[in-house]
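Taking it in order: structure first as structure tokens, then the write-up.
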Amino acid sequence: MSLILFIRDVEGERPIEAERLPLRVGTGSDCDLRLPGPGGGPVMMLDVLDDVPFVQPVGRDGSMAINGEPLTASRRLRDGDELHYFGSRVVIHLDEARLTLEVLLEDSAYVTKPPELGDTGERPAEETIAPTAFRRASEMPQAAAERTGHGTLRWIIGAALTVLVVISFLLFTAKSVKFEVTPGEPDSFSVSGGWFRMPLGDRVLLRKGSYTVQVSQQGYFDVSRNFEVGDEQNVIIDIEMRKLPGHVTVVTNPPTDAVVTINESEVGPAPFGPIELLPGEHSVSVRARRFLPYGGVINVPGLGRHEQLSVQLVPRWSEVEITSEPPGARIYAGEQEVGETPATIELMEGTHQVSVVRDGYSAWDGTLVAEPNTQVALPVIRLQPANARLRVNSIPRGANVTVNGRYRGQSPISLDLAPDVNYEIGLSKAGYGMTSRKVRLEAAASDSITVDLTARTGTLTVNVEPADATVYVDGQARGTGSTTLRLSSAPHRIEVRKAGYESWSRTVTPRPGYPQTLSARLRSQEEIERESVALERQTAVGQVLRLVEPGTFTLGSSRSEQGRRANEVIVPVRLSGSFLIGVKEVSNREFSQFRANHDSGADIHPSMAGDNNPVANVTWADAVQYCNWLSAREGLTPVYKEEFGEWIAIRPLPDGYRLPTEAEWAWAIRYQGGNGALKFSWGKDWPPRRDAGNYADKSAADLVPTIIPTYDDGFASTAEGGRFPANAVGIFDGAGNVAEWVNDYYTVPTPGVSSPLVDPLGPERGQSYVIRGSSWRHASPTELRLSFRDYGKDPRPDVGFRVARNAD
């Protein structure tokens with residue numbers, strides 16, 4: 001459903017085409033909806049995204065308001081909202097698929113009002129002007145004037161001379177300042193500071209002191225710049241305004257499943273956008289399975305404009321028209337039946353073995369080279385009658401049958417062959433050997449062959465515990481206890497089952513001449529329950545920590561990984577001991593027990609103050625002091641100490657609560673404790689699947705500069721911890737919700753390390769700390785990768801932490 005836009009004013013009601021969006025509302029001559037006012041100045045941009053109307057201010061001006069509040073950022077429009085600008089009102093009426101802008105001008109100071117009449121609306125009665133009597137000047141009273149005239153004149157002359165002296169002093173002691181703004185004339189320009197400012201042509205006279213110049217222009221970032229006026233008589237200040245980013249939407253023609261990559265970073269499926277891009281050139285590539293890849297460069301003008309890139313995809317296939325005499329013959333491309341003559345088939349670019357087969361006729365075989373985006377019509381294929389027939393059987397059934405290397409189907413099958421011609425009949429089946437037979441049939445002959453395919457087998461021994469467990473192969477019971485099997489060299493599903501125990505399964509392909517052994521130890525339900533209890537522990541305030549076993553892995557990411565940053569240097573790492581890590585990030589409720597009245601950002605969005613939402617707006621020092629407080633609650637040794645006003649970790653790390661090291665964080669969250677490395681928390685493909693995590697989505701459009709247009713997790717800011725699925729270790733929100741402080745000082749590792757670093761803790765000193773994971777404010781593939789590294793030292797509304805400690 002698409003919104004239809006109407007404008008209702010004194011001229012009546014009229015529709016606005018969707019192509020005219022975004023709609024510029026303001027007082028300038030270039031506005032689509034022009035209101036009475038001084039002309040020029042900031043404007044309001046009205047647009048619709050996914051059938052949701054919104055308004056965005058361009059430039060700063062206190063005269064723009066919505067529902068009586070200053071309009072300073074993008075706002076979603078709802079039914080009944082009122083936009084105010086220089087006294088004019090625009091009332092929003094939103095009814096299902098209809099959006100009406102009602103323009104009301106009665107309160108505008110720029111609209112000339114008619115003269116007020118009496119209560120009856122009648123013209124007032126004409127007045128009679130009475131003449132006054134003529135009096136001579138000599139008869140007028142003059143006594144008072146004679147007494148004060150000379151004194152007043154002297155006072156006026158003295159005051160005027162004083163003003164002239166002051167003005168002359170100011171003019172001669174002021175400095176001439178010229179502002180050169182690029183590009184062109186700005187929409188608004190102001191200088192604040194000091195008390196004397198006098199415009200003089202293209203310059204401003206200012207006295208010595210500190211000043212601030214503010215410049216705004218549509219399509220550019222606002223400029224607010226401080227400057228000093230000193231002893232120099234003539235000053236020139238250059239102000240270069242930066243263009244606002246542009247917005248680009250990529251669509252394909254024809255519409256198809258395609259993947260869009262911008263600046264070598266995969267951004268999502270087509271149609272994709274709008275995506276915010278800086279002004280300048282950007283590389284764009286589009287890949288679709290059945291089309292040639294597209295690659296090009298677009299020049300984004302920026303200035304807040306929206307551009308649409310329509311990519312014309314070129315088919316990768318050739319359309320081949322095949323007819324036969326007689327018709328009704330089956331068409332094979334390789335081993336796949338693709339149609340029946342007459343037919344037009346699609347062959348992907350490359351070389352294809354094509355066969356045309358009809359019962360009672362000799363098959364036609366040919367080789368075709370398909371070129372992309374072409375149409376080819378083959379000459380009529382005249383099939384020759386075949387009066388010789390061969391029936392091909394195999395043991396087992398279902399073998400692939402070829403004639404002179406060309407696929408004909410699966411056994412059992414009847415082949416029509418030309419007489420007195422030598423043929424090689426080939427048979428093959430997965431897990432069995434390949435074999436062939438040579439045949440030559442006489443005219444009108446009918447013959448059959450049966451080929452017993454020799455199974456290619458391998459030996460597989462399955463050792464089981466407990467000893468009375470049952471071994472299954474492809475769902476069929478094959479023995480109890482340890483069992484040795486001879487199986488064909490095809491994939492088989494091996495399962496071991498016993499009532500009251502957890503089942504065990506593997507997929508195995510036996511190899512002839514290479515015996516294999518599998519060992520299956522089943523865990524009882526009681527054992528599983530005991531292990532699950534041992535895997536988790538609770539803190540004094542009820543936080544659950546998960547045990548993670550040690551392992552060897554690599555920090556960083558490959559140079560070939562799209563979105564990789566330069567600080568993601570590959571470093572081999574070995575963790576020698578187990579550790580415990582919080583399954584959830586520390587919540588507002590938990591942190592408030594340590595520090596009451598902490599504000600995680602309720603002024604940004606109310607949900608950020610939720611009790612079960614993760615704490616944010618904390619520094620690294622706040623986080624480690626919380627860890628020490630938690631250690632004290634349980635009588636553990638604090639991990640951090642304060643030296644010269646700075647908190648540092650004690651080495652080696654004591655048994656108290658702490659932040660996870662960067663290596664521990666990566667092992668537990670990205671590598672899932674050895675259960676496999678992940679590119680994103682949900683897998684390897686972009687964009688995120690539904691409910692993958694709490695990221696910058698449609699719900700957060702009013703709070704963040706960039707969103708994932710195709711994603712909606714339902715949360716504008718933070719969500720309750722554990723709202724989204726955990727990883728294989730049972731850890732929640734390793735990506736999304738809030739990013740996390742870790743124990744290490746930030747540094748860029750030295751490339752080329754070949755030997756694993758054992759239990760790395762990072763540098764002993766530094767200026768900032770490592771931040772791992774993405775947050776509710778992140779939307780790009782670069783940031784959402786689990787190898788993404790950030791750093792900082794100041795609190796942020798999207799950075800929190802989780803606790804960890806050494807395992808006993």
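Could you check the stretch 188-255 for strands (runs of 3 or more DSSP E) lying wholly inside it with 3 or more residues that are open to solvent by 60 Å² or more (accessible area, probe 1.4 Å), free of Cβ contacts under 8 Å to residues at least 60 places away in the same chain and of a type in the set (A, V, I, L, M)?
Output list is empty.
The set of residues in the stretch 65-80 being open to solvent by less than 20 Å² (accessible area, probe 1.4 Å) and either more than 21 Å from residue 49 (Cβ to Cβ) or at pLDDT 85 or above (or both) consists of 65, 66, 77. A Cβ distance below 6 Å, combined with a sequence gap of six or more or placement on separate chains, defines the contacts here; from the stretch 676-695, residues that are touching a residue at least 12 places away in the same chain (Cβ under 8 Å) reach residues that are open to solvent by 60 Å² or more (accessible area, probe 1.4 Å) and in a loop (DSSP other than H, G, I, E, B) in the pairs 687/710. Taking the residues in the stretch 74-86 that are touching a residue at least 40 places away in the same chain (Cβ under 8 Å) and part of a loop (DSSP other than H, G, I, E, B) as candidates, determine which candidate is nearest to residue 2 (Cα to Cα). The extreme case among them is 74. Restricted to the stretch 16-35, and to residues there that are farther than 16 Å from residue 84 by Cα and assigned to a loop (DSSP other than H, G, I, E, B), the residue that is farthest from the chain's Cα centre (by Cα) is 29.
If we keep just the residues of the stretch 493-514 that are part of a strand (DSSP E or B) and more than 30 Å from residue 526 (Cα to Cα), which is farthest from the chain's Cα centre (by Cα)? The qualifying residue farthest from the chain's Cα centre (by Cα) is 514. Listed by first and then second residue, the pairs linking a residue in the stretch 570-593 that is without any contact (Cβ under 8 Å) to a residue 24 or more places away in the chain to a residue that is outside any helix (DSSP H, G or I) and open to solvent by 40 Å² or more (accessible area, probe 1.4 Å), with Cβ atoms under 7 Å apart and 6 or more places separating them unless they lie on different chains, are 589/611; 589/612; 592/598. Any residue that is surrounded by 10 or more Cβ atoms within 10 Å (Cβ to Cβ) and at pLDDT below 65 - is there at least one of those in the stretch 105-123? Yes, some residue in the stretch 105-123 is surrounded by 10 or more Cβ atoms within 10 Å (Cβ to Cβ) and at pLDDT below 65. Among the residues of the stretch 399-410, those identified as in a loop (DSSP other than H, G, I, E, B) and surrounded by 12 or more Cβ atoms within 10 Å (Cβ to Cβ) are 399, 404.
For (1) more than 30 Å from residue 250 (Cβ to Cβ); (2) in contact (Cβ under 8 Å) with a residue 24 or more places away in the chain; (3) open to solvent by 40 Å² or more (accessible area, probe 1.4 Å), each residue gets a yes or a no:
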position: 312; (1), (2), (3): no, yes, yes
position: 317; (1), (2), (3): no, yes, no
position: 323; (1), (2), (3): yes, yes, no
position: 329; (1), (2), (3): yes, yes, no
position: 341; (1), (2), (3): yes, yes, no
position: 355; (1), (2), (3): yes, yes, no
position: 377; (1), (2), (3): yes, yes, yes
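Only strands (runs of 3 or more DSSP E) whose full extent lies in the stretch 419-487 are considered here, and the ones with at least 3 residues that are basic (Lys, Arg) and either free of Cβ contacts under 8 Å to residues at least 60 places away in the same chain or open to solvent by less than 20 Å² (accessible area, probe 1.4 Å) (or both) are 435-440. Whenever a residue of the stretch 647-666 is open to solvent by 20 Å² or more (accessible area, probe 1.4 Å), its partners that are at pLDDT below 95 and in a loop (DSSP other than H, G, I, E, B), lying with C-beta atoms within less than 6 angstrom and at least six residues away or across chains, give the pairs 654/637; 655/636; 655/637. Filtering the stretch 405-441 to residues that are within 56 Å of the chain's Cα centre (by Cα) and at positive phi leaves 405, 409, 431.
The values are calculated or read from the model by the stated rules, or taken from the named source; none is laboratory data. Predicted model, so just to flag it, every value in this text is computed and none were measured. Heads up, the Cβs are rebuilt from the backbone with ideal geometry, glycines too, and the neighbour counts pull from every protein chain shown. Please note that ligands, DNA and RNA were not included when accessible areas were found on the heavy atoms of the full protein model with its side chains. Shrake-Rupley method; radii C 1.70, N 1.55, O 1.52, S 1.80 Å.
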